[in-house]
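What follows draws every value from the coordinates through simple rules; no lab data is involved. Note that this is a predicted model, so its numbers are computed, not measured. All Cβ positions, even for glycine, are placed from backbone atoms using ideal geometry, and neighbour counts span all protein chains on display.
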Amino acid sequence: MLKGIDDVDWNALTHAYGPAGDVPRHLQGLASPDMGEREAALEALYGSLWHQGTLYAATAAAIPFLLALVDDDATRDRPLLLLYLADVGRSATFGDEEWYADTQAALAAGVDVLRRRLTSADEVERIAALVALAWADDGTVLKARLSEGDEAERLVTLYAYVAGRAVPDAEVLRAFADSDDPGVRLAARIGLGRAGDAAALGDVDPEAYALLAEVTATVAPQALPQPIEVMDPPTLSQRSVQGLAAVLEFATSHRTALPLVVGLLEAALPDGWEEPATPLQLRVLTAIANSSGAWVFDGNTLAALAEAGIDAVDRIDLCARLNLDTPEDPESEDTQSLLLGSENTGIRWEELSNDQRRELERFVDFLDQRGWNESRNWHTLVQAGSLPMSPIGVGRHFNEHAVLEATLWFFDEHVADDTGERVGDPYVRLLIADKAEEREPIGFRAYHGDRLLDVLEAIDRHRPTLDRDNFAEGFPKALFEVCGKVEVELPDGRVVEIRPKSS
């Protein structure tokens with residue numbers, strides 16, 4: 001039990017989904033001996049207290065309890081909690097609402113807790129603590145550690161010091177600005193530019209930039225800004241812009257590419273698009289068109305182009321304007337693919353009958369009480385009624401081997417997706433996916449009739465042991481005992497009804 005957690009009126013605070021009454025359960029879940037429960041709790045806190053980088057009143061209130069968990073030697077997954085604090089800390093610098101300042105203050109009060117983690121024998125934990133300190137501290141702790149640790153840890157320390165909340169000390173950085181290590185040299189010169197010495201950056205070494213970009217994307221892709229985000233793009237030399245355009249052209253990760261798109265457009269088109277384009281502008285636009293990473297989330301790139309005065313419809317349109325062949329589009333890296341719905345399967349709260357609403361409430365209440373993630377928050381979105389939701393009910397759980405997702409359907413989702421016709425009997429669908437998402441998930445459909453809670457009980461009872469390859473015995477048998485029909489969705493797209501073995 002986290003001391004003092006019941007003294008907070010959580011229901012009077014809000015997060016992304018409304019009243020924050022579920023936050024204590026998720027904070028307590030971070031201390032669970034069950035790995036799946038810890039993962040689900042952390043995912044829930046990312047979704048509610050740090051929703052796509054936005055903070056809420058409940059975020060600041062949760063920080064002391066997160067720090068208490070970090071300070072407890074019995075806490076598992078401490079590096080993940082430290083990175084969560086780092087992600088929150090960076091976002092706290094962006095908002096004007098009072099809870100952003102409250103969040104910064106709560107993190108600053110935990111500097112000593114974070115400093116203690118720097119003595120950990122676990123290098124991953126030390127590095128995560130360094131990144132968290134970049135946003136919690138005023139730079140004092142990081143400055144004192146610039147020469148400690150191995151080569152990799154020293155580079156992270158330097159970059160966290162340079163890119164974090166506090167403006168770095170120029171005199172301290174000058175000692176690193178002529179280093180033989182290209183990553184250290186570039187990081188120090190970026191810091192000098194931030195400290196007011198714009199000329200110190202000089203021409204950016206593309207290889208050194210690629211190195212720093214890889215470090216930030218590997219260590220803390222959300223909490224550490226990309227190097228271009230710490231620079232002042234309009235002051236970049238033409239050689240730097242050309243070198244960074246080459247980095248962008250070969251970038252496959254959106255985390256590296258998107259900041260470069262924004263920064264290079266700002267550098268090459270400071271006054272917006274005007275004809276005729278300069279050779280430097282054409283070089284930047286060509287790099288954007290050719291970069292696979294820039295089109296993983298094409299809406300972001302199109303928005304950046306529009307901000308610069310280029311209203312391209314899509315990547316094909318941009319390539320046509322530049323007389324370029326269109327490269328093949330990359331596959332999406334969207335990790336929420338299991339939750340994607342279509343126009344045909346989406347349904348609004350107002351379209352549900354009273355019986356369907358009661359059935360949905362039973363589904364949500366059961367999963368919420370058993371600690372499945374997302375069920376109550378998803379239900380809040382469904383009841384808002386502004387958008388058609390697909391699926392109508394969701395619950396997610398992590399065990400040691402797999403991600404489990406239970407969804408409620410009032411009609412056959414595949415028929416609806418293909419034809420737009422909502423036909424078929426209601427069922428609970430359970431997807432069992434690899435955590436690495438390297439293979440297609442296996443799906444079970446349990447047609448529950450009037451035994452919804454019995455089906456959910458069978459699923460919940462088996463959730464600690466289910467994985468994508470090991471479900472052949474006890475789980476299907478448990479479904480047969482309470483279901484009129486059970487189907488399996490195979491990785492090749494086929495849906496096959498399965499029957500119990502004859503005794």
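Site pair residue 28 and residue 451 shows an inter-label distance of 3.2 nm when each label is modelled 7 Å from Cα along Cα→Cβ. Residues 87, 6 in ascending order of nearby Cβ atoms (within 10 Å, fewest first): 6, 87. Distance between the 7 Å Cα→Cβ label points at residue 435 and residue 12: 3.9 nm. Any idea what log10 I(q)/I(0) is at q = 0.09, 0.11, 0.18 Å⁻¹ for the range 5-229, Debye with uniform C-alpha scatterers and no solvent? With no solvent term, the Cα-only Debye profile gives -0.37, -0.54, -1.25. By the beta-carbon count within 10 Å of each Cβ, the least crowded to most crowded order of 457, 374, fewest first, is 457, 374.
Converting phi to 3J(HN,Hα) with the Karplus coefficients 6.51, -1.76 and 1.60 and the offset θ = phi - 60°, the range 8-24 yields 8, 7, 5, 5, 7, 9, 10, 10, 4, 10, x, x, 9, x, 8, 4, x Hz in sequence order, with x at every glycine or proline.
By the count of other C-beta atoms within 10 Å, a proxy for reagent exposure, 485, 477 are ordered fewest to most as 477, 485. Within the set [x] 78, 60, 42; [y] 69, 55, 55; [z] 67, 58, 55, the number that Cα extents along the principal axes in Å takes when calculated for this structure is listed as [x]. Note on the chain: Lys pairs 8 or more places apart or on different chains, Cα atoms under 30 Å apart, count 5. Take the alpha carbon gyration tensor of the range 405-474, find the square roots of its eigenvalues, order them as a ≥ b ≥ c, and report rounded if a/c is under 1.5; if not, report prolate when a/b exceeds b/c, else oblate. Oblate, since a/c reaches 1.5 and b/c is not below a/b. Sequence-ordered 3J(HN,Hα) estimates for the range 39-46 from the Karplus curve with 6.51, -1.76 and 1.60 and θ = phi - 60° stand at 4, 5, 5, 5, 4, 4, 6, 4 Hz, glycine and proline given as x. Applying the Karplus relation 6.51 cos²θ - 1.76 cosθ + 1.60 with θ = phi - 60° to the range 189-196 yields 3J(HN,Hα) values of 6, 4, x, 5, x, 5, 7, x Hz, where x marks Gly and Pro. Here the dipole of the chain is about 840 debye; that uses its Cα centre as origin and unit charges on the Cβ of Lys and Arg (positive) and Asp and Glu (negative). By definition, a body whose alpha carbon gyration tensor gives a ≥ b ≥ c is rounded when a/c is under 1.5, and the range 337-498 falls into this rounded group. Distances between placed amide hydrogens fall under 5 Å for residue 347 paired with 389, 390, all partners being 5 or more residues away or on another chain. Computed from Cα atoms, the angle from the helix 238-249 axis to the main principal axis of the chain rounds to 20 degrees. Subtracting the Cα-Cα distance of residue 214 and residue 140 from 0.36 nm times their residue separation leaves 24.1 nm of extension gain. For residue 306 and residue 203, the FRET efficiency from 1/(1 + (r/R0)^6), where r spans their Cβ atoms and R0 equals 41 Å, is about 0.85.
Quick one: grab the alpha carbon gyration tensor of the range 146-186, order the square roots of its eigenvalues as a ≥ b ≥ c, and give me rounded if a/c is under 1.5, else prolate or oblate depending on whether a/b is larger than b/c. Oblate shape, in that a/c is at least 1.5 and b/c is the bigger or equal ratio. Take 355-361, 393-399, 54-60 and order them by the average number of nearby Cβ atoms within 10 Å per residue, most first; the result is 393-399, 54-60, 355-361.
Taking the helices alone, the chain has a mean residue ellipticity at 222 nm of -14500 deg cm²/dmol, built from -39,500 (n - 2.57) per DSSP H run of at least 4 residues and averaged over all its residues.
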